[in-house]
Every structure is written in structure tokens, then in C-alpha cells.
Amino acid sequence: MADLTHFDERGASRMVDTSEKPETLRQARASGLVRLEPATVTLIRDRKLTKGDVLEVARLAGIMAAKRTGELIPLCHTLPITSALIDFEFEGDSVLRIEATVRILGRTGVEMEALTAVSVAALTIYDMCKSIDRSMTIERIRLEEKSGGRSGTFRRSD
């Protein structure tokens, strides 16, 4: 189990010790899709849902989730995030793309924070729209890129 950083030599769970790592600028960008009925997309775009501005509520939920990732994922460090941005883009008449970019000057990466931000933003959209669109799906949540730290830069090629 020596190759698994969250387990010690006896197989016991542990948080990775980052105290010896240098602080570097680290960034991660993740994305995900919410597939909706075209009528639901129109209501979101026109800000006509009775629950309020779906995208702004989802943006705040995603930012809050990024900041609290260490409370949600076992063995994840609680990090002093310096920036969390959530963006939305409609793709056609039935897909909403969510993108989260998280930055930190720290000793460990923020991939989990970016992925959590996208996930919670998508769940918030689902929650706010479920009364009018039960067929929604949340799809393809994934890391798009990360930089900083010992492992260097990763960029998804597709």
C-alpha cells in the first residue's frame, strides 16, 4: 500500500502530511453538464423561475461548497482558498455547462474543491428546477486542468 498516499504501511487511513511541501500557486478547473428540457432552459435564461435566479443561487452554492470541501470529503485538507469562480454557459437549447476554477497559494492542490464546486452547483440547479423538470440529468463532472505543485500541469486533451 506504499503507493497509496492516504494509507500508511499498515493499511490504516491517514491524511497526507503536506508540512514539508513548498507553498506554490495552484489552480484547478472542473466542469459538468446539466441536461434539461428546453422550456426549463428558457425559464432559467429569462430568470422566470419562482424560486429565484437559478444561476446566481447555484454560483453561491458552488463557491460555498469549494470552501467547505474539507468538511465533506474524508482526509481532504481544509484549505484557505484565495479564489473560487463559477461560470455557466448554455450549449444549445437543452444543456447548461458549469465550470469552476479554484486557486490557492498552498501546499496541496484544489482539484477536489473545483470538482465539489461543480457538483454542488449542479445539484442546486436540480433542486431549484425539479418541480418543473424531473427528467434533468447531471453529467460528465470532470477535472479539465490543474497546475502547480510537484506533479505539474494536467490538461484534458478532449
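Summary of values
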| read-out | value |
| --- | --- |
| Subset of segment 12-35 (residues that are at pLDDT 75 or above and small (Gly, Ala, Ser)) | ALA12, ALA28, ALA30, SER31, GLY32 |
| Enumeration of residues in segment 62-103 that are polar (S, T, N, Q) and modelled with pLDDT of 95 or more | THR69, THR82, SER83, SER94, THR101 |
| Boolean, LEU43 is under 30 Å from ILE132 (Cβ atoms) and surrounded by fewer than 20 Cβ atoms within 10 Å (Cβ to Cβ) | yes |
| Among residues of segment 51-68, those that are charged (D, E, K, R), over 13 Å from the mean Cα position of the chain (by Cα) and part of a loop (DSSP other than H, G, I, E, B), counted | 2 |
| Residues that are within 9 Å of the chain's Cα centre (by Cα) and open to solvent by 10 Å² or more (accessible area, probe 1.4 Å), drawn from segment 103-138 | GLU111, MET112, LEU115, THR116, SER119, VAL120 |
| Segment 43-54: number of residues that are touching a residue at least 12 places away in the same chain (Cβ under 8 Å) and over 15 Å from THR124 (Cα atoms) | 2 |
| Total residues in segment 69-93, condition part of a loop (DSSP other than H, G, I, E, B) and exposed (fewer than 15 other Cβ atoms within 10 Å of the Cβ) | 8 |
| Every pair of residues 6+ apart whose Cβ atoms lie under 6 Å, when the first sits in segment 14-42 and is part of a loop (DSSP other than H, G, I, E, B) while the second is open to solvent by 40 Å² or more (accessible area, probe 1.4 Å) | MET15/LEU75; VAL16/THR5; THR18/ARG107; LYS21/ARG107; GLU23/LEU105; GLU23/ARG107 |
| Residue check, SER19 at negative phi and open to solvent by 60 Å² or more (accessible area, probe 1.4 Å) | yes |
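The values are calculated or read from the model by the stated rules, or taken from the named source; none is laboratory data. Because the structure is a prediction, the values reported are computed rather than measured. Glycine also receives a Cβ, built like all others from the backbone with ideal geometry; neighbour counts cover every protein chain displayed. Note: accessible area is taken over every heavy atom of the protein model, side chains too, but ligands, DNA and RNA are not part of it. Shrake-Rupley method; radii C 1.70, N 1.55, O 1.52, S 1.80 Å.
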